[in-house]
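Asks: Before I ask anything, here is the structure I am working with.
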Amino acid sequence: EAPAAWLPPDDAQPQTLPYADGEMFHGPVFQVMESWALGSYGSTALLNAEHDAPVGYMNQVLLDGMTHAIPSANLHRWSAEIGEDQVGYPTKVLSMSLYGPVPTTGPVRCEVRFTGFHEGPRFPRFDIQLIAADRVWANLELVYILFPKGPLGSVSGLERQAFLGEKTAVPNVGLARIDGETTRLTPKEVKGSDWLPGTLSRLYETEGDVQEMTRQIAAKEHIGTRLGVHPSEVRLSDDATQATVPQAPLTRVDLALDVAPDGEVSVSDAGPPELDLTPVREYWRDRLQMGPWPGEDLYYGLAARYVQSVELEDPDATMFMHGRGAIYLANHQVGIESLLFSLIISALGGVPTATLAKVEHRDSWLGRLIAHHFSYPGVTDPELIMFFDRQDPASLPGILAAMQPRLALDEKSLLVHVDGTRSLSANQPVGQVTAALIDLALQAEAPIVPVRFVGGLPTKKLKQRLEFPYGHGKQTYHIGRPIWPEELEAMGLAERKRTIVEAINGLGPAEGQELPGAPDDAFAAEVAGWCAKVQVGEVPAVMFKTLEHVLNRTPESEALLGAIRKAKPKKPMQGLPEGPWFTTLADWLSGRQDLLEVPGAIGGMHV
């Protein structure tokens, strides 16, 4: 026979439901508590027995809901022996009696009473009644276990929900302590917050014993704080001395780790973040079937000098489209970005990427350099430029039609600067995108990927367009979420154009907030000095000085530089590697002959 139903506590006061403020981050199906009032020795609540989950034998969602009426993070309100820094979790059912069939409709009243402790002060005990239609259906004796809240349990419910439940970066939320430029964490602090075994390993994606977890968590939080990402997204080397994040796949941070006798781990930067081009180098060596060669030295030297980082808006979506032909639509700041972006995105996207360029660039220094570069013995030209004549707009459809099957077969991707020419100042949004490019994406069933180049220009308008980032600083390449053909098919033409333009302009710094990259005055002085010494223009001087700064150069590049340095006017260079490839390059870098005057085939994709 069912016992008498309890009345609500006489001092119970209505409370905000714990779902709204994140104190409980159960999903919608489990949010069965509809009202809640809290007193000094217990609580009363109304639970909804109807929900979308299977009822089973005992309506398990309803049973879970009875624990929602217990203020797990504020049990000090019911006992002075429980500290405000403690949180409770269910651990044991001492007894349970059921009276009649399980409720599946209507509200069920839940009455909770704090009744002291079970086997010590760490185990608060509660008596609970579930009352359906004014009749007790369930009577339980439930025991909780107390844990220290620690840093993660002491923040607000919404912050905790975001950090633990959604794995979102939250400022000043984490286990470790930030001491100036150093991040510190002890095994004791880790154990104190690992309330249920495996909680932290799943949250931080770590493995190993508690000391190893401490080392990994400290390193991940150090990088997460620096880069504004959730620690679980940080990828560590086996010894945790190097870190990367998916949002910036080519940025590597070297770490210095120290472990004190008591096990405390201290983490600090071993140097500034660096562009790690290893994945790019590996891709192109495999693609070209070449080992180290002088072309690598120059191209990767330019990338290291002028690219700050590559930032992915949606790393998962970018990874999903790996190996698929894509159309990258971007703004345009400086000349060198087209080449360097093609070099990098070909590796990240897994498909060689050509740039759609004005036909005038066939005979520009960049067109000539690329043609000469891929004329190196044994190298097959990957066709990184597709030329078109802006004076003949009718030619564009034919060019894009020739590109369509290569896109569809994932043999080629395409970069297009949508405004057609370089800007003269920072904070210049793109204004339009031609319908022909959208049609190409739909016909080839290829995604359109918005791209924004940032940091290459000053805020004040220049008088002439730049080949290299302003002050020889560095740019950041922002790559947006792919826009799939299915999305575009559901839109009209005007909406398609607007969506793409807004996606490009929405990447990177907020409107009007873009600044140029920090200038490299020392390198600028070196370039100016070489220009004056050998009477060459800025471009060959940049190439020569870039090669000089490349570490671990190939022997051929070393010999090339040595021959140029020792060269005497109007006399043949001594010590050059054999072959016209090196002679042509040496003459250009030393001012003996302009690359634009060198006869020979022009590279690029011929259509």
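The values are calculated or read from the model by the stated rules, or taken from the named source; none is laboratory data. If you're wondering where the values come from, they're calculated on a predicted model, not measured in any experiment. Glycine gets a Cβ as well: all are built from the backbone with ideal geometry, and neighbour counts include every protein chain shown. Protein only, heavy atoms only, side chains kept; ligands, DNA and RNA dropped before computing areas. Shrake-Rupley method; radii C 1.70, N 1.55, O 1.52, S 1.80 Å.
Asks: If you check R285 against the conditions, is it within 23 Å of E159 (Cα to Cα), surrounded by fewer than 16 Cβ atoms within 10 Å (Cβ to Cβ), among the charged types (D, E, K, R) and without any contact (Cβ under 8 Å) to a residue 12 or more places away in the chain?
Replies: No: the conditions fail for R285.
Asks: Let me ask another. So which residues in segment 539-560 are among the small types (G, A, S) and more than 19 Å from M290 (Cα to Cα)?
Replies: Step one: list which residues in segment 539-560 are among the small types (G, A, S), which gives 541, 557, 559.
Residues satisfying the conditions are A541, A559.
Asks: Next up: If only one of S375, S338 is buried (at least 22 other Cβ atoms within 10 Å of the Cβ) and outside any strand (DSSP E or B), which one is it? I'd like the intermediate steps shown before the answer.
Replies: Values: S375 fails: buried (at least 22 other Cβ atoms within 10 Å of the Cβ).
Just one listed residue meets the conditions, S338.
Asks: So which of L415, L366, L407 ends up being of a type outside the set (V, I, T), under 30 Å from L515 (Cβ atoms) and modelled with pLDDT of 85 or more? Steps first, answer last, please.
Replies: Details: L366 fails: modelled with pLDDT of 85 or more; L407 fails: under 30 Å from L515 (Cβ atoms).
Going through L415, L366, L407 in turn, just one is of a type outside the set (V, I, T), under 30 Å from L515 (Cβ atoms) and modelled with pLDDT of 85 or more: L415.
Table: residues versus (1) of a type in the set (S, T, N, Q); (2) surrounded by 14 or more Cβ atoms within 10 Å (Cβ to Cβ); (3) in a helix (DSSP H, G or I).
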site	(1), (2), (3)
T546	yes, yes, yes
N552	yes, no, no
E558	no, yes, yes
A563	no, yes, yes
L576	no, yes, no
T583	yes, yes, yes
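Asks: Residues of segment 105-127 being in a loop (DSSP other than H, G, I, E, B), touching an Asp or Glu at 6+ places or on another chain (Cβ under 8 Å) and among the charged types (D, E, K, R), which ones?
Replies: Matches in segment 105-127: none.
Asks: Now a separate question. So, in segment 478-499, how many residues would count as being farther than 14 Å from L442 by Cα and surrounded by 20 or more Cβ atoms within 10 Å (Cβ to Cβ)? Even if it seems obvious, please write down each step before you answer.
Replies: Step one: of segment 478-499, the residues farther than 14 Å from L442 by Cα are 478-481, 494-495, 498-499.
Adding the requirement that they be surrounded by 20 or more Cβ atoms within 10 Å (Cβ to Cβ) leaves 478-480.
Summing the residues that are farther than 14 Å from L442 by Cα and surrounded by 20 or more Cβ atoms within 10 Å (Cβ to Cβ) in segment 478-499 gives 3.
Asks: Let me ask you something else. Which condition breaks for T168 when tested against (1) in contact with a helix residue (DSSP H, G or I) (Cβ under 6 Å, 6 or more places away or on another chain); (2) surrounded by 18 or more Cβ atoms within 10 Å (Cβ to Cβ); (3) among the hydroxyl-bearing types (S, T, Y)?
Replies: Status for T168: all satisfied but (2).
Asks: Something else about it: If N427 satisfies every condition in (1) under 20 Å from G508 (Cβ atoms); (2) crowded, with 23+ Cβ neighbours inside 10 Å but one, which is the exception?
Replies: So N427 meets the others, but not (2).
Asks: Looking at the structure I just gave you, is A219 open to solvent by less than 30 Å² (accessible area, probe 1.4 Å) and either in contact with a Phe, Trp or Tyr (Cβ under 8 Å, 6 or more places away or on another chain) or aliphatic (A, V, I, L, M) (or both)?
Replies: Yes.
Asks: Turning to a different aspect of this structure: Restricted to segment 227-257, and to residues that are hydroxyl-bearing (S, T, Y) and over 14 Å from the mean Cα position of the chain (by Cα), which residue is surrounded by the most Cβ atoms within 10 Å (Cβ to Cβ)?
Replies: In this case the residue turns out to be T241.
Asks: A further question follows. Exactly one of (1) open to solvent by 70 Å² or more (accessible area, probe 1.4 Å); (2) closer than 28 Å to A347 by Cβ is unmet by T459. Its number?
Replies: The single condition T459 does not satisfy is (2).
Asks: Next question. Please go through segment 1-12 and pick out each residue that is open to solvent by 60 Å² or more (accessible area, probe 1.4 Å) and farther than 15 Å from L46 by Cβ.
Replies: Across segment 1-12, the qualifying residues are E1, A4, D10.
Asks: Give me the pairs, please: first residue somewhere in segment 488-499 and in a helix (DSSP H, G or I), second residue anywhere and loosely packed, with under 13 Cβ neighbours inside 10 Å and among the polar types (S, T, N, Q), beta-carbon distance under 6 Å, and either six or more positions apart or on two chains.
Replies: Matching pairs, first to second residue: none at all.
Asks: Restricting the search to segment 183-206, which residues are surrounded by 15 or more Cβ atoms within 10 Å (Cβ to Cβ) and farther than 14 Å from K149 by Cα?
Replies: Within segment 183-206, T183, R184, L185, T186, P187, S201, L203, Y204, E205, T206 qualify.
Asks: Name the single residue that is most open to solvent (accessible area, probe 1.4 Å) among those in segment 16-58 being among the hydroxyl-bearing types (S, T, Y) and assigned to a loop (DSSP other than H, G, I, E, B). Before the answer, list the steps.
Replies: Going residue by residue through segment 16-58, those that are among the hydroxyl-bearing types (S, T, Y) are 16, 19, 35, 40-41, 43-44, 57.
Going one step further and asking which of them are assigned to a loop (DSSP other than H, G, I, E, B), we end up with 16, 19, 40-41, 57.
On the way: T16: 99, Y19: 27, S40: 64, Y41: 88, Y57: 217 Å².
The residue in question is Y57.
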